[in-house]
Amino acid sequence: MQIEVETLTIELSTTPVDKRPVYITGSFCKWLPDLEEYQMTLVEPGQYIFQFPEEAELTFPLEYKYTRGGWDQVELDEFGNPYANRTIPEKDSVIQDIVKRWQTGILEKTDLSPIVELVSENFEIPQFGRTRKIQVLLPHDYYDRPDLSFPVLYMTDAQNLFGEGSEYGNWNIDQSLEKLAKESKSGVIIVAIDHAEEDRIEEFSPYVNTKLGKGRGEHFLRFISETLKPQIDKKYRTKSDRLNTGIGGSSVGGLLSIYAALMFPQVFGRIMAFSPSLWISQRIYFDVIHFFEPFETRIYLYAGGKEGPNMLANFTKLTQTLETQRFGYDRVQIKTSIDPKGQHSENQWSKEFPIALKWLFF
């Protein structure tokens, strides 16, 4: 029997920490699990609503289910078993349902490697009027543990960090995270931001006047803190406070990370700075003296002895200045690492990354 339903509304309560969208599916859409027109509307965390259009022709009893975007992400009962089709026996106006558990969608994933997801191929950077590729590396068990939230590390130079790397080398952080997972120390979301190719130094350098020309690093940090971070916090289960938010990079990206600790302490509480290009501007030492705030912070600094004649001298001056400014404040922790034979290379930073990550977050 066909019945025209004017305002059939379905309300759903479910796990608030799972930020995947919710879809309703049934014979009315040929049981397709992820049609955009049947995506439920998020009212507040864990609360969804869907209203069938007035012109919908539905057959009663009406059978349906909920998914998170596929049959491998379907609703489960409270014991984790498949849930039978739900049924609305006759015409009604408002239906209220509860889903306590969901299938993760990655049951076939048995290795410990991070889950790499594309946030956007062309993420808008309003501070520059440009777009950029943004990716995330999620903990291998991210979708297995919808009850957990994770700290976040924003990293520059994504082209050199994982996968195939680039012509300059590869940090292989995906491989490091897989190894760290065996120690239960990979529970960090990495947000990998592509650099701007020929405009890389301009974007990362925090000072307007430098030996390499104009710098716009402050604008880049505003992009992360004001534009990108809110989107990441909305899409993923993050611990969004400053103590669980870090930034990391090497060379000019390392300098940028130090600058973030000084000028954006309300955002970043974990700093990973490898081989920072301190020679670009002497002003960094001035800023350490005048702008260093003794908030609870962890700063990991690395330099190599084969990175040029001034690297270690500048590095020592920086660390001594930081230590002087933090004197008497135990809540500021600074760890330095020097490899006398270390070169200015991705291969070297690859070795240092897992050590730094463990110290910063675990």
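Quick look at the values:
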| quantity | calculated |
| --- | --- |
| Rounded to whole Hz, the Karplus (6.51, -1.76, 1.60) HN-Hα couplings of segment 116-122, x for glycine and proline | 9, 10, 8, 6, 6, 6, 9 |
| Long-range amide H partners of residue 150 with built H, under 5 Å | 238, 239 |
| Residue among 80, 21, 93 farthest towards the positive dipole end of segment 2-102, charges placed on Cβ | 80 |
| 5 angstrom amide H check on residue 97, placed H, neighbours 5+ away | 11, 12, 13 |
| Estimated FRET transfer efficiency (residue 241, residue 32; beta-carbon r; R0 41 Å; 0.05) | 0.55 |
| Amide H within-cut-off set for residue 60, under 5 Å, with H built and near neighbours excluded | 3 |
| FRET efficiency, 1/(1 + (r/R0)^6) with R0 30 Å, evaluated for residue 148 and residue 337 via beta carbons | 0.50 |
| Exceeding the 26 Å Cα-Cα cut-off - candidates 133/229; 19/65; 235/335; 133/335; 100/229 | 235/335; 133/335; 100/229 |
| The chain, helix-only ellipticity at 222 nm - DSSP H runs n ≥ 4, -39,500 (n - 2.57), divided by all residues, nearest 500 | -6500 deg cm²/dmol |
| Listed peptides 33-46, 131-144 by packing density, highest first (mean Cβ within 10 Å) | 131-144, 33-46 |
| Rounded to the nearest 20 debye, dipole of the chain from Cβ charges on Lys, Arg, Asp, Glu | 2040 |
| Options (1) 1.01; (2) 1.19; (3) 0.95 - which one matches Cα Rg over 2.2 N^0.38 Å as calculated here | (2) |
| Dipole magnitude of segment 2-102, debye to nearest 20 (Cβ charges: Lys/Arg +1, Asp/Glu -1, about Cα centre) | 460 |
| Anchor residue 358: aspartates and glutamates whose Cα lies under 17 Å away (excluding residues fewer than 8 positions away in-chain) | 174, 178, 183 |
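Here, each number is a calculation from the coordinates, and none is a lab measurement. Computed from a predicted model, the values in this text were never measured in an experiment. In this analysis, Cβ positions are derived from the backbone assuming ideal geometry, glycine residues included, and neighbour counts consider all displayed protein chains.
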